[in-house]
Amino acid sequence: MNEHMVISRAKQGDHRAFEALVTEYEQKVYSLAYHYVGSEQDAMDICQEVFLRVYRFLPQFSGESRFSTWLYRVTSNACKDFLRKKGSRMEVSLSQEGEEEDYTLEVPDLRYHPENVMEQKEMRRQIEESLHQLSPDHREILVMRDVLGLSYEEIANSLDLEEGTVKSRISRAREKLRIKLTETGNFFGKKKSKGKKGGKP
């Protein structure tokens, strides 16, 4: 049974069809929520809230966009509502623009980290810590792109943004993350060599 049929049955009150949707997407919803709020328990609570909302509003899902796009929008709104109710504000201390221009850093793809390699585990830990120091908007869009692997179009539709805005926001978010990782002092940051004044490098 394809997803369209599953959604159609779930709309009609088929509980097994709805459970199939939950099984298919609960890990991705949890992942987005966890990276957004930084707490396993809160992420589980948000995950439950998301699927309660989905169950309630699924009959209103028109199918004009992909179900996953609609679901990520519901998840994003649930995360924002949670932080608003909790009164949680992420204080982010960022360097002045251009301050780190002498450093270069390749931020690894967050989706692939062999758990049996200690070095990769440490890399992942540092990325996670730095990620949670970003603003919620920057954190959210990086998770959608680099953790969930969504396309620019999917992200744009989920967040109701233009694709150009998505690309520029991702670029800024990656730069903020690069700075945060470089600030650890031992994570991929390499100082570029400068040429002598008036000459070539």
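The values are calculated or read from the model by the stated rules, or taken from the named source; none is laboratory data. Bear in mind the structure is a predicted one, so any value in this text is a computation, not a measurement. Ideal geometry is used to build each Cβ from the backbone, glycine not excepted, and the neighbour counts take in all protein chains shown. For the accessible areas, the whole protein counts, side chains as well, though only heavy atoms, and no ligand, DNA or RNA atoms are used. Shrake-Rupley method; radii C 1.70, N 1.55, O 1.52, S 1.80 Å.
Here are some notes:
- Of residues in the range 18-68 being outside any helix (DSSP H, G or I), under 19 Å from Asp160 (Cβ atoms) and touching a residue at least 24 places away in the same chain (Cβ under 8 Å), the one least open to solvent (accessible area, probe 1.4 Å): Phe61
- Subset of the range 162-178 (residues that are under 15 Å from Gln133 (Cα atoms) and open to solvent by 50 Å² or more (accessible area, probe 1.4 Å)): Arg172, Arg174, Glu175, Lys176
- Applying the criterion of being in a helix (DSSP H, G or I) and open to solvent by 30 Å² or more (accessible area, probe 1.4 Å) to the residues of the range 144-153, the residue that is nearest to Gln27 (Cα to Cα) is Val147.
- Subset tally (residues that are of a type in the set (A, V, I, L, M) and under 15 Å from Phe82 (Cα atoms)) for the range 1-39: 4
- Number of the condition not met by Glu162 [criteria: (1) modelled with pLDDT of 60 or more; (2) under 20 Å from Ala33 (Cβ atoms)]: (2)
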